[in-house]
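The values are calculated or read from the model by the stated rules, or taken from the named source; none is laboratory data. All figures in this text were calculated on a predicted structure; none of them were measured in a lab. Here the Cβ positions follow ideal geometry from the backbone for every residue, glycine too, while neighbour counts run over all protein chains shown. Areas reflect the complete protein model, heavy atoms only, side chains present, ligands, DNA and RNA absent. Shrake-Rupley method; radii C 1.70, N 1.55, O 1.52, S 1.80 Å.
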Amino acid sequence: FDKIVRMSPPDIKGRRDLFALYLSKVRVTPEVDVDDFVRRSIGFSGADIANLVNTAAIHAGKLSKAQVDAEDLDFAFDRIMMGVRRKLADFDYRKGERRDIAVKEIGETLIALLSGRKLDVYKVTLHPSGDLMGFTALTPSEDQTSQSKRDILDAIDINLGGRVAEEAFLGDG
């Protein structure tokens, strides 16, 4: 007699309340901008937010910090979104690969910034994590319950921006 209960992820107010609940259980530096993480966590469930705060607390503990700071929360957020960060010392890039990745990420970032849409670029990284070699992290300025045709076309434009940058700076390859 299994019953499946489907729940939508919390809206921005719900995520703010969940962050307040879980962050109240750990020591957090006053400089942490919780609203930044609330905005970034669109689509996160309560369990995802609990995991983020717990991962941040563990990370802070490993670094012998007395309090969780924004860097710890950022580390936890990246781990959830991108996967475990690989050690650069153990990573063997082929010749020019880092440059190629940088060009692609810069192209995506430029299109996102120039699109005029309500997208904030909060991180561009070339550090391999999970299956990703690089990552341009964007945050919409407001919650969305659906994607419009314009939103989908913007996502395509951003991805194509990386490809166009590769062709312009690296040649057609």
| Looking at the stretch 1-79, which chymotrypsin sites (Phe, Trp or Tyr not before Pro) are in a loop (DSSP not H, G, I, E or B) and have at most 12 other Cβ atoms within 10 Å? | Phe1
| said: Just the number please: accessible area per residue for the chain, 1.4 Å probe, all protein chains included, in Å². | reply: 64 Å²
| task | Just the number, please: carbon plus sulfur as a percent of the accessible area of the chain, 1.4 Å probe, no ligands or DNA/RNA counted. | result | 55 percent
| note | Output for the stretch 2-94: trypsin sites (Lys or Arg not before Pro) sitting in coil per DSSP, at most 14 other Cβ within 10 Å, listed by number, reads Lys3, Arg6, Lys25, Arg27, Arg86, Lys87, Arg94
| field | Excluding exposed DSSP-loop GluC sites (Glu not before Pro) (at most 12 other C-beta within 10 Å), longest clean stretch of the chain | value | 32-141
| What angle, in degrees between 0 and 90 and rounded to the nearest 10, separates the Cα long axis of helix 12-23 from the longest principal axis of the Cα atoms of the chain? | 60 degrees
| Anchor Lys123: aspartates and glutamates whose Cα lies under 14 Å away (excluding residues fewer than 8 positions away in-chain) | Asp36, Glu71, Asp74, Asp78, Glu105, Glu108
